[in-house]
Amino acid sequence: MSAPLMHISTDEVPPSSADCVIIGAGIVGVSAAYWLARAGLRVALVEKGAVGAEQSSRNWGWCRQQNRDARELPLATKTLALWEEMAADIGEDLGFRRCGLLYLSNKPSELEGWANWGRFARTAGVDTRMLSAAEAAERGAATGQSWLGGVWSPTDGIADPARAAPLIAKGVIKHGGHVVQNCAVRGLELSAGAVCGVITERGVIATKMVVMAGGAWASSFLHQLGIKFPQASVRSSILSVAPGAKGVPSALHTGPVSVTQRGDGGYTLAISGCGHLDPTPGAVMGAKHFLPMFAKRWRALRPGGLQAWRSGFETRAHWAMDQETPMERVRVLDPRPSQALVDKTLRRARRLLPALRDIPVQASWAGYIDSTPDGVPVIDADVGIGGLILAAGLSGHGFGVGPGVGHLVADLALGRTTITEVEQYRLARFGESQWGKVAKF
């Protein structure tokens with residue numbers, strides 16, 4: 001079944017013109033639209049399906065600095081305060097709270113890696129605390145077992161994947177922006193190498209600025225424009241259990257399984273990094289870019305089936321602007337989860353946390369994590385077409401930094417000082433070898 005998701009009412013028809021059109025209403029798209037609308041621009045946020053219906057509602061909900069790659073850490077740090085600022089301005093509960101994140105381990109090598117990261121992160125002002133065996137056992141009392149050690153990051157937290165993107169979209173509307181669901185964008189109109197319009201299934205929106213925030217769909221869309229964006233998608237399978245467990249930490253990571261408290265009091269259960277690599281035309285044609293990542297993570301990834309290929313979200317075929325496109329045939333990517341992986345996750349969680357043993361399963365679902373070759377997103381206003389900004393490839397950790405990515409996009413669009421450096425997010429970096437550049441988290 002699909003992941004739980006709040007649904008909101010939006011416009012039926014897109015405006016005839018806008019200062020900026022944002023394609024895709026996941027956490028990045030809604031956040032970019034929010035910051036632009038708040039800055040006074042006439043914004044049109046256009047979504048082929050429902051707001052937040054794909055990976056933005058199918059993730060754990062972690063909002064972390066802990067164990068971030070150095071290229072993303074400044075953005076992750078800035079984003080925590082942005083979650084609070086957005087919620088206060090919109091006047092809605094996004095589910096964000098700094099509950100702290102707890103990591104436990106019995107592997108010396110893992111603890112050494114966390115300690116090394118912590119020494120670096122503390123120079124950037126991050127509050128990260130290594131735990132002794134006694135401290136880990138105390139904080140991890142719900143497991144009923146001893147631990148060699150762990151990490152506690154008290155200022156990190158979680159938000160609610162079921163509510164965050166839809167409520168931020170309401171913030172776009174509050175600031176005068178237009179949000180249109182069930183309206184696919186088929187392509188762009190160009191004049192002298194720059195954007196002059198957006199072609200949707202319901203007409204053309206005249207504009208000189210576009211943000212492509214289409215998640216797993218971004219690569220095939222850009223392919224229509226002659227822009228190469230290497231992207232592969234991993235199918236992640238997770239589940240949730242009902243409320244009722246007592247004493248379980250709000251956010252806990254261990255090697256066997258990770259758990260996160262949901263907005264309704266239940267828990268999301270998942271195995272970190274474990275997923276299925278469903279082949280797609282885009283992934284096959286761009287395989288050379290991903291060899292370093294596959295070499296590093298082959299133990300956690302398993303070969304998948306043909307679900308992704310049939311869905312068409314990474315097609316390399318060209319579509320016509322006056323005919324139905326893959327985005328209209330598949331409004332929402334809702335892949336089948338791996339039942340074997342779901343069952344394995346549940347067994348591990350109940351073995352780790354006795355409080356979960358009698359708690360029934362609520363739901364299970366899967367989602368496609370759009371990944372770049374180095375595991376770091378692309379946020380770039382110089383991709384070869386004037387007025388086009390790319391913000392995609394969040395690689396499985398985009399929900400937590402979504403508000404910050406949106407703010408960075410708005411900074412680029414408005415020509416103002418960016419909240420962090422942007423050089424590390426350039427699309428052009430994939431013209432170089434990726435060996436040794438895969439994100440370290």
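Mind checking the angle between helix 287-297 and the chain's longest principal axis? C-alpha axes, 0 to 90 degrees, to the nearest 10.
It is inclined by approximately 10 degrees.
Percent antiparallel among DSSP beta bridges with both residues in the range 244-393, to the nearest 5?
75 percent
For the range 105-192, give the percent of accessible area contributed by carbon and sulfur heavy atoms, probe 1.4 Å, rounded to a whole number.
Roughly 51 percent, rounded to a whole number.
More than 18 angstrom separation, counting every C-alpha pair in the range 106-154; what % is that?
Distances greater than 18 Å cover 30 percent of the Cα pairs.
Please state the relative contact order of the chain as a whole percent: Cα pairs under 8 Å, 6+ residues apart?
24 percent
Under 8 Å for C-alpha pairs, at least 6 residues apart: give me the relative contact order for the range 268-423, rounded to a whole percent.
Contact order relative to length: 17 percent.
Using the Cα centre as the reference, give the magnitude of the dipole from point charges on the C-beta atoms of the chain (Lys, Arg: +1; Asp, Glu: -1; all else neutral), rounded to the nearest 20 debye.
The dipole magnitude comes to about 1260 debye.
Report ³J(HN,Hα) in whole Hz for each residue of the range 420-430, in order, from the Karplus equation J = 6.51 cos²θ - 1.76 cosθ + 1.60 where θ = phi - 60°; Gly and Pro get x.
After applying 6.51 cos²θ - 1.76 cosθ + 1.60, I find 9, 5, 10, 4, 5, 9, 5, 5, 4, 5, 7 Hz.
Could you give the spread of the C-alpha atoms of the range 20-122 along their three principal axes, from largest to smallest, in whole angstroms?
So the three principal-axis extents are 52, 26, 26 Å.
Kindly report the accessible area of the range 217-270 per residue (heavy atoms of protein chains, probe 1.4 Å, no ligands, DNA or RNA), in Å².
Per-residue accessible area for the range 217-270 comes out at 26 Å².
If you fit an axis through the alpha-carbon atoms of helix 27-38 and take the longest principal axis of the Cα set of the chain, what angle between them do you get, 0 to 90°, nearest 10?
60 degrees
Please compute the length gained on full extension between Ser16 and Arg202, using 0.36 nm multiplied by the number of residues separating them and subtracting their Cα-Cα distance.
Computed gain between Ser16 and Arg202 is 65.9 nm.
Amide H of Ala270: which non-local residues (sequence gap of 5 or more, or other chain) have their own amide H closer than 5 Å, using H built in the peptide plane?
So Ala270 has HN proximity to Ser258.
Apply the Karplus curve 6.51 cos²θ - 1.76 cosθ + 1.60, θ = phi - 60°, to the phi angles in the range 226-235 and return the couplings in whole Hz, x for Gly and Pro.
With coefficients 6.51, -1.76 and 1.60, one gets x, 9, 8, 10, x, 8, 9, 10, 9, 8 Hz.
With a 1.4 Å probe and all protein chains left in place, how much accessible area per residue does the range 74-163 have, in Å²?
44 Å²
Beta carbons within 10 angstrom, averaged per residue: use that to sort the peptides 108-119, 262-273, highest first.
Per-residue mean Cβ counts within 10 Å order the peptides as 262-273, 108-119.
Place the peptides 25-38, 416-429, 247-260 in order of packing, highest mean first, counting for every residue the other Cβ atoms within 10 Å and averaging per peptide.
Packing order, densest peptide first, comes out as 25-38, 247-260, 416-429.
Taking a probe of 1.4 Å, how large is the accessible area per residue of the range 304-441, in Å²?
42 Å²
So how far apart, in nm, are the two label points at Leu190 and Lys174 if each is 7 Å from Cα heading toward Cβ?
About 3.9 nm separates the two model spin labels.
Please list 170-180, 136-146 highest first by mean number of surrounding beta-carbon atoms within 10 Å per residue.
With the highest mean Cβ count within 10 Å placed first, the list reads 170-180, 136-146.
For semi-axes √(5λ) of the Cα gyration tensor in Å, which listed value, [x] 30, 28, 18; [y] 35, 22, 22; [z] 36, 26, 20, comes from the coordinates shown?
After the calculation, the listed value that fits is [y].
If the cut-off is a Cα-Cα distance under 19 Å, which aspartates and glutamates reach Lys174, setting aside same-chain residues fewer than 8 apart in sequence?
Correct list for Lys174: Asp11, Glu12, Asp19, Glu47, Glu84, Glu85, Asp89, Glu92, Asp93.
Of the cross-linked pairs Lys107/Lys228; Lys228/Lys344; Lys48/Lys208; Lys208/Lys228; Lys107/Lys344, which ones have a Cα-Cα span greater than 30 Å in the structure shown?
Among Lys107/Lys228; Lys228/Lys344; Lys48/Lys208; Lys208/Lys228; Lys107/Lys344, the Cα-Cα distance tops 30 Å for Lys107/Lys228; Lys228/Lys344.
Quick check: at a probe of 1.4 Å, how many percent of the accessible area of the range 1-57 sits on carbon and sulfur atoms?
That fraction is 52 percent.
Return the whole-Å distance between the Cα centroid of the range 165-216 and the Cα centroid of the range 68-85.
If we compute the Cα centre of each part, the gap is 26 Å.
In whole percent, and with a 1.4 Å probe on the protein chains, what portion of the accessible area of the range 312-373 is carbon and sulfur?
Answer for the range 312-373: carbon and sulfur cover 47 percent of the accessible area.
Multiplying the sequence separation of Glu328 and Asp343 by 0.36 nm and subtracting their Cα-Cα distance, what value in nm do you get?
Separation in residues times 0.36 nm, less the Cα-Cα distance, equals 2.1 nm.
I need the phi-derived Karplus couplings for the range 386-395: 6.51 cos²θ - 1.76 cosθ + 1.60, θ = phi - 60°, integer Hz, Gly and Pro marked x.
Values, residue by residue: x, x, 9, 10, 9, 9, 7, x, 6, 6 Hz.
Among Pro243, Leu82, Leu412, whose Cα sits farthest toward the positive end of the charge dipole of the chain (+1 at Cβ of Lys/Arg, -1 at Cβ of Asp/Glu, about the Cα centre)?
Of the listed residues, the answer is Pro243.
Just want to confirm a number: the relative contact order over the range 327-392, from Cα pairs under 8 angstrom separated by 6+ residues, in percent.
27 percent
Taking every DSSP beta bridge that has both residues in the chain, what percent is antiparallel when rounded to the nearest 5?
70 percent
The values are calculated or read from the model by the stated rules, or taken from the named source; none is laboratory data. As the structure is a prediction and not an experimental result, all values here were calculated from the model. Note: ideal-geometry Cβ built from the backbone for every residue, glycine included; neighbour counts use all protein chains shown. In case anyone asks, the SASA skips ligands and DNA or RNA and just uses the protein heavy atoms, side chains included. Shrake-Rupley method; radii C 1.70, N 1.55, O 1.52, S 1.80 Å.
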